Each structure stands twice: as structure tokens, then as C-alpha cells.
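The values are calculated or read from the model by the stated rules, or taken from the named source; none is laboratory data. Remember, it's a predicted structure, so these values are computed and weren't measured experimentally. Cβ placement follows ideal geometry from the backbone for every residue including glycine, while neighbour counts extend to all protein chains displayed. SASA here: full protein model, heavy atoms, side chains in, ligands and nucleic acids out. Shrake-Rupley method; radii C 1.70, N 1.55, O 1.52, S 1.80 Å.
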Amino acid sequence: MRAALTVALLGAATAAFAQSPELGAPLDPALFPYQRTIPDGRPGPVSLMVDPLALAHSRGPNQHFADVRILDAAHRQVPYVIEHREEPLVVAMNPEPGDPPARAPGGLKRSNWSSYRLRLPCANLPSSQVAIETSARVFQRGVQLAVVHPADRYSRNARLETISATTWAHLSADEPANPLILPLSSGDASELWLSIDEGDNSALPVTAVRLLLPSYRLRFFRPAQSSLVLVYGRSDLLAPRYDLALASQDLLNADASEVTPLGERQTTPARHLLISPLQFWVFLSIAVAVLLTLIVRLTKRRSDLV
């Protein structure tokens, strides 16, 4: 009887906590390089998508989004929990026919290759995948994914680096080909080059190319009459530790409003000055006075010698 009563009380306490979580400690949003407005809505559970910009410009999943915070109008932290979804975040890419602006070191001129530029949403994305689709049924092609590195101290010319290569084949005329999935490591490239070795065949039709990013959501309870902002980009923060994590399963299971942060605003984080402006001008005045005194003395000594 006592055990059942204890479980019931704990369940009621957890539910009450999840419905009205305490706000966290305040933080100055001006100290974060990136800010995003979170669309307004009714109080209650919210699922905020971590889009490509937030994936690229925050410290990302490898560091447990340690720099990501949600702040209210009074700059208080709104506690959240991270949800990792199995299905990827899919971003469509438009394959643009064209030749890469560089070649691989020592590479030979290709006789019958099709090349496409794939523009990424931004640079510095986490490790992901590229899915390529075709309407062809019977084919075999060599496929490469590459990035272009600009000229630097190691090479006077731009160079093409292959980052993934495989053979794509499908031998059934009665069934469509499965998408080709190529791995993509994290990097600073903002575009990729897809190349297909056509052999002596006509060009393989590329019907779709999609970027498959890791999918995350920030789950939180929207306070009443709140104006919220998503901030990130700092390197000096540890991952947040909110009491809300104790009731995380309730929040993950709750029906939540799906929202996406608005456009990214890049700010210049405020820096703490070593000295105040008044101190700077006082020190500068003293330095000028000392220099003038030295100049007068040196001029007088020279005139005495003459």
C-alpha cells in the first residue's frame, strides 16, 4: 500500500513539474555569436527543430550542443531536453551540371564523365550522407563525391579531393534502383562535386539528390506570455544541466507543437575591456606628457652642448 502510494505521489510530482518547470539562470544573449527568434505560440510542449544552420554553427551533436540555450525576454534560460530522431533531416539539393574548377593531383583528363555541383546549406555541417536517385533500371557506373580545396601554402593551385567513391549498379529492368548512399564527413566545404563515370554509355539520369543530416529536436515547455530566442556559438560553456532532465521522458512523450527557428542573426559578442575608456585616456595623456618632457630636455641638452 505504501509502495503504491509512493509511486502515485512521485508520478503526480513529475507531472506537475513537467507542466510548470522552473526557469534557469539568466544569460546575456549579446555574448552569443548567433541568435534566432523562436515563433510565438501557446504555452505548452514545443518541439524545436535543429536545422542545418544550428547544426553547423553550434558545437553540434558531438559536443552535446553544449553552447545552445533558449532564453526568454528577461534573458532567463528555458530548460530543454534533446531528442535524437532516427529518421534523418532531409535537405534537397539541386544537381547543377558543370565541370569542377580543379583536378585531382596527378589526375588525367576524363573522357566521358558527368559532373554536377551540389551546394550544401552551409559549411561545417556534421557527418551526414548523400542520397542519389536515378530512373535508370539496368546500369553500372563508377561514382565519386569530391570537394575542391583552394590554393594554399601546400599547393599553388586549387585541387580536387575525392572523399567517397563506389560502383553503383542495378541489374533488374522490372524494379527501380535503390538510392545510392554515400557517406559525407564533417568539413568546411560549402559545396560538393558529384562525378559519374559513364564509360561508353549515355549519361545516367540523376533524378534527385538529397542530403541526409542527423535529426535533433529541442523539447521544452513554452512559458505563458513569452518571447523566446535560440542562441548558440559560444566555446566557453559546458552542456546545460537542467532539472527538467529528471522528467525528460514525460516531455519526449508529450504532444508538442513543431516549430522551426526563424532566420539566423550573426552578432558581435560583447568583449570585456581590460581598462575603461577613462583610464585609457588618462594613461595616454600621461604618456604624451612624459614624451614631451623628454623631448624638451633633449633639445635643451643639445643647445647647451652647442
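With a 1.4 Å probe and every protein chain left in place, work out the accessible area per residue of the chain in Å², rounded to a whole number.
Working: 18920 Å² over 306 residues.
So the chain comes to 62 Å² accessible per residue, rounded to a whole number.
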Margin query: In segment 156-170, whose amide N lies under 20 Å from the spot 7 Å out along Cα-to-Cβ of V138? List them in ranges.
Written below: 168-170
Item checked: Approximate spin-label separation A208-V296, in nm, with each point projected 7 Å along Cα-to-Cβ -> 8.4
Check: Based on Cα positions only, what radius of gyration and what Dmax would you give for the chain, in angstroms?
Finding: 29.2, 110
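Can you pull the percent of the chain's accessible area that's carbon plus sulfur, 1.4 Å probe, other chains left in place?
Values: 10330 of 18920 Å².
Carbon and sulfur together cover 55 percent of it.
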Next item on the list: Would you mind checking the radius of gyration and Dmax of segment 107-218 based on alpha-carbon positions, in Å?
Entry: 15.5, 53
Note to self: Could you give each residue of segment 52-67 its phi-based ³J(HN,Hα) in whole Hz, using Karplus coefficients 6.51, -1.76, 1.60 with θ = phi - 60°, and x for Gly or Pro?
What the structure shows: x, 5, 5, 5, 7, 9, 8, 7, x, x, 5, 10, 6, 6, 4, 9
Next item on the list: Which order do the peptides 175-185, 189-199, 234-244 take when ranked by the mean count of other beta-carbon atoms within 10 Å per residue, highest first?
Entry: 189-199, 175-185, 234-244
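Between H64 and Q225, 0.36 nm times their residue separation minus their Cα-Cα distance comes to what?
Numbers: separation 161, 0.36 × 161 = 57.96 nm, distance 2.91 nm.
My answer for the length gained is 55.0 nm.
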Note to self: Explain nothing, just compute: Karplus ³J(HN,Hα) = 6.51 cos²θ - 1.76 cosθ + 1.60, θ = phi - 60°, for every residue of segment 114-131 in order, whole Hz, x for Gly and Pro.
What the structure shows: 9, 10, 9, 8, 10, 8, 7, x, 5, 7, 6, 6, x, 4, 8, 9, 10, 9
Item checked: Residue among A30, A56, I132 farthest towards the positive dipole end of the chain, charges placed on Cβ -> A30
